[in-house]
Amino acid sequence: MFRTDLRALLEETGRYVVPDGVFNLYKRDRSDLTDVDAAIVDRESGQLCLVQLKWPDIYGRSLAERESRRTNLAKANEWVERVYGWVDGRTSAQVCKALQLPYGGEQPVSLMVLSRHIADFVRPTEFERRAIWTSWPRLAKTVSETCGADLLEGIGPKRKTTKNSV
């Protein structure tokens, strides 16, 4: 459902493609590394954004539940590290080819952790800086305000996914 909503939101702009399915990434020995919940390809620039979808439940008034949600969301740092290492400085075109996706360009690949609900926590420095961390409401607002133009620029800084950048 979340991926379907993402596709509907972005493909309505005419600029982005959100292919069906989950993409499995493998280590060099062909063992499982991780999966990518969604991919966004910019038809104009060819930039690829690999997305981890997070579904933290509403936690109510319990501080213990809130901390549990924060910890679960922070586990996406491990996903960012794995995917960042797998991309290993390749361009969007090279990664699109590896994942059998259309439109890849020469831009660096972006990584995004997208939560279904707003999930701001007191300690944002714990979240991996090589990815864009945003929520569904922020993404929808950005698409609405920009008509989808340069979406990745609108929701967060573009981060080069090369081993030399941080």
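Every read-out reported here was derived from the displayed coordinates using simple, explicitly stated rules and does not represent laboratory data. Keep in mind that what you see is a predicted model, and the values were worked out from it rather than measured.
Observations on the structure shown:
- Unsatisfied cross-links (Cα-Cα over 21 Å) in the set 75/141; 27/54; 54/141: 75/141; 27/54
- Reciprocal of mean inverse Cα separation for the stretch 2-155 (Kirkwood radius, Å): 16.1
- In the stretch 1-47, Rg over Rh equals 1.09, where Rg is the alpha-carbon radius of gyration and Rh the Kirkwood radius from pairwise Cα distances.
- Bridge type composition, the stretch 2-155 - antiparallel percent by DSSP, nearest 5: 50
- Under 5 Å from the amide H of residue 43 lie the amide H atoms of 16, 17, each residue being 5 or more positions distant or on a separate chain, with H modelled from the backbone and absent for Pro and chain starts.
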